[in-house]
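Q: Can you keep this structure in mind? I'll have questions shortly.
The values are calculated or read from the model by the stated rules, or taken from the named source; none is laboratory data. This one's a predicted model, so the numbers in the text were calculated from it and none came from an experiment. Cβ: placed from backbone, ideal geometry, glycine included. Neighbour counts: every protein chain shown. Ligands, DNA and RNA are stripped out before the accessible areas are found, and what is left, the full protein with its side chains, is counted by its heavy atoms. Shrake-Rupley method; radii C 1.70, N 1.55, O 1.52, S 1.80 Å.
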Amino acid sequence: MVKEAERYLNEIPLWASKKNSLEAVRDFLRELKEPDESMKIIHVAGTNGKGSVCAYLTSILTEAGYGVRTFISPHLINTKERFLAEGKPVEDQVFCQAFDRVRELADTMTARGYHPPTYFEFLFYMFMVICQQDRPDFVVLETGLGGLLDTTNVVRHPVLTVITSISMDHMGYLGDTVEKIAAQKAGILKKGVPVVYDRSCLKASAIVEEKARELGCRTYPVSEQDFRFLGRHGGYTEIGVQGADLEIRIPSAADYQMINGTLAAAAAAALGDIGAGEIRAEHIKRGVENTFWPGRMEEVLPGVFLDGAHNQGGMEALARAAERMGREANAPVSLMFGVVSDKEYHKMIEELCGRLPISHVTIARMDTERSMEAKELAKEFKKKLSCPVEAFDTVKEAWEHFLETKGQEGPAFCAGSLYLVGEVKALLAADYGREGQAREEEHDRF
């Protein structure tokens, strides 16, 4: 049944020619008896770091004993990953029941003259149905593409909003300057609702602060001055949160996760300030430390990392972390790269080649019509590097070559698209399944 539901969902166009307005989306929710109106919703927007902050917050709230449902995008392998119950994908039965209810809803509303739900709309309604059934204490709701016009922005009474790092991405839809993009992201702010936000980019944060003043929102700015680096041990990054007697172990070697972890800690503290929940320092510490967020500087094999960096801001953050890790290993890095054609891949490649000592580049064409041709990407890398650069028509071929040719001393990174990360994760899952079956067969012989 799950596979049938996924097949149906995958046939819905990602970008429908006619999209329902937010007023129409509200009508869909009215048909569902407006489940969002009784939820404690934490609404999260931003360019990079949304998923990580949602993951940290979900884990913190779970540690504090609360029931939490989380809506994230995109997924890496299967659609169920978008609907989390206490940080884990919902059960098959829950997923299928929500799918059936929303398919019925779609039929009802289209018969009344509304447009059929887009892919993202359909998933959003499914999440609302899941929350309506489960009645969680908190809902962590990640926006899709933007903020102001995002389907999720139909919610009217969140208890808290969070704005993560803002940079250039989806310029064709959100605007061609950081300020225009920030205005879209800040569109999730609601009158009198506190906002926690990344203040690292002053141009972007000025827009968020102006909107907060206009709506009377209490502000909780977070920047690099709000935490101090303490050290790295066993794949964890340890930081101290300024102004609080709090030390956090972040389960990642990536520098950029320090600001994401601090944003989540600030959001948890803000919930306590406004009386929305009782969250202690120990919950924040354990919650952050126990967070697992796949595909974000995830070490899947010794010295091999998958990172979902897929825009210029994300690639800059990845390059900084990779540069440090290569320097610490005193060896060049290996790179596997794939990207969709509507991204600014020239700037992404320039960032990687300009900052990193690279020993080998493997290019993959992903299994999506949006994938940039591997040979074209290889040409771009060859303009800037003298090391071997090889292109492959499938992720499987590229991954096998990448593992064979990566350096033994330096770290190896696979990045450029979440599609790429998802395909590699699927390959790893298949390999694990075969190894697990082999181990069971070996065990059965004795």
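Q: Can VAL53 be described as buried (at least 19 other Cβ atoms within 10 Å of the Cβ), touching a residue at least 12 places away in the same chain (Cβ under 8 Å) and either more than 19 Å from PHE28 (Cβ to Cβ) or among the polar types (S, T, N, Q) (or both)? Even if it seems obvious, please write down each step before you answer.
A: Working: buried (at least 19 other Cβ atoms within 10 Å of the Cβ): yes; touching a residue at least 12 places away in the same chain (Cβ under 8 Å): yes; either more than 19 Å from PHE28 (Cβ to Cβ) or among the polar types (S, T, N, Q) (or both): yes.
Yes: the conditions hold for VAL53.
Q: Taking the stated definitions as given, is ASN311 open to solvent by 60 Å² or more (accessible area, probe 1.4 Å), in contact with an Asp or Glu (Cβ under 8 Å, 6 or more places away or on another chain) and polar (S, T, N, Q)?
A: No, not satisfied.
Q: Output the residues belonging to segment 296-352 that are among the aliphatic types (A, V, I, L, M) and in a strand (DSSP E or B).
A: Once the filter is applied, which keeps residues that are among the aliphatic types (A, V, I, L, M) and in a strand (DSSP E or B), segment 296-352 yields VAL300, LEU301, VAL304, LEU306, VAL333, LEU335, MET336, VAL340.
Q: Run ARG249 past the list (1) open to solvent by 20 Å² or more (accessible area, probe 1.4 Å); (2) out of contact with any helix residue (DSSP H, G or I) (no Cβ under 9 Å at 6 or more places or on another chain); (3) farther than 28 Å from ALA206 by Cβ; (4) in a strand (DSSP E or B) and report the number of the one that doesn't hold.
A: That leaves (2) as the condition not met.
Q: Still on this structure: When you go through (1) under 18 Å from the mean Cα position of the chain (by Cα); (2) within 17 Å of PHE413 (Cβ to Cβ) one by one for GLU328, which number turns out not to apply?
A: Exception for GLU328: condition (1).
Q: Further question: Find the residue count for segment 175-202, including only residues that are modelled with pLDDT under 95, small (Gly, Ala, Ser) and more than 18 Å from LEU149 (Cα to Cα).
A: Final tally of qualifying residues: 1.
Q: Mind telling me which of the residues LEU230, LEU246, LEU263 ends up being within 13 Å of LEU57 (Cα to Cα) and touching a strand residue (DSSP E or B) at 6+ places or on another chain (Cβ under 9 Å)?
A: Testing whether each residue is within 13 Å of LEU57 (Cα to Cα) and touching a strand residue (DSSP E or B) at 6+ places or on another chain (Cβ under 9 Å) leaves just LEU263.
Q: State whether one or more residues within segment 179-197 are assigned to a loop (DSSP other than H, G, I, E, B), surrounded by fewer than 22 Cβ atoms within 10 Å (Cβ to Cβ), under 18 Å from the mean Cα position of the chain (by Cα) and not small (Gly, Ala, Ser).
A: No, segment 179-197 contains no residue that is assigned to a loop (DSSP other than H, G, I, E, B), surrounded by fewer than 22 Cβ atoms within 10 Å (Cβ to Cβ), under 18 Å from the mean Cα position of the chain (by Cα) and not small (Gly, Ala, Ser).
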